[in-house]
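Let me begin by presenting the structure, written as structure tokens, before commenting on it.
The values are calculated or read from the model by the stated rules, or taken from the named source; none is laboratory data. Just so it is clear, the structure is predicted and the values come from calculations on it, not from any experiment. Glycine also receives a Cβ, built like all others from the backbone with ideal geometry; neighbour counts cover every protein chain displayed. Heavy atoms of the whole protein, side chains included, go into the accessibility calculation; ligands, DNA and RNA do not. Shrake-Rupley method; radii C 1.70, N 1.55, O 1.52, S 1.80 Å.
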Amino acid sequence: MTLGGVALGVAYSTADVVRFLRQAGIDDSLIALDDRSLIEWQGGGPEVWD
């Protein structure tokens, strides 16, 4: 997973995605895993892990 070109780690679940975003300082109110204008999913989307 990358944010602004910086590697954050490998996400194996949506919980990992949220954890990495929080660690990067992204406020919970801005995290919307289903908003594809904010998150570019590769190989599927959040529903793949649900």
- [ ] Compute the projected area of the convex hull of the Cα atoms of the chain, averaged over all viewing directions, and report it in nm² to one decimal place.
- [x] 3.4 nm²
Open item on the list: Test of the criteria: in the chain, which chymotrypsin sites (Phe, Trp or Tyr not before Pro) are in a DSSP loop and have at most 16 other Cβ atoms within 10 angstrom of their Cβ?
Closed with: Tyr12, Trp41, Trp49
Open item on the list: Taking all protein chains in place and a 1.4 Å probe, what share, in percent, of the accessible surface of the chain do carbon and sulfur account for?
Closed with: 52 percent
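So what is the accessible area of the chain per residue, in Å², with the probe set to 1.4 Å?
Working: 3650 Å² over 50 residues.
I get 73 Å² per residue for the chain.
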TODO: Return the distance in nm (one decimal) between the two label points of a simple spin-label model at Trp41 and Ile26, each offset 7 Å from Cα along Cα→Cβ.
DONE: 1.3 nm
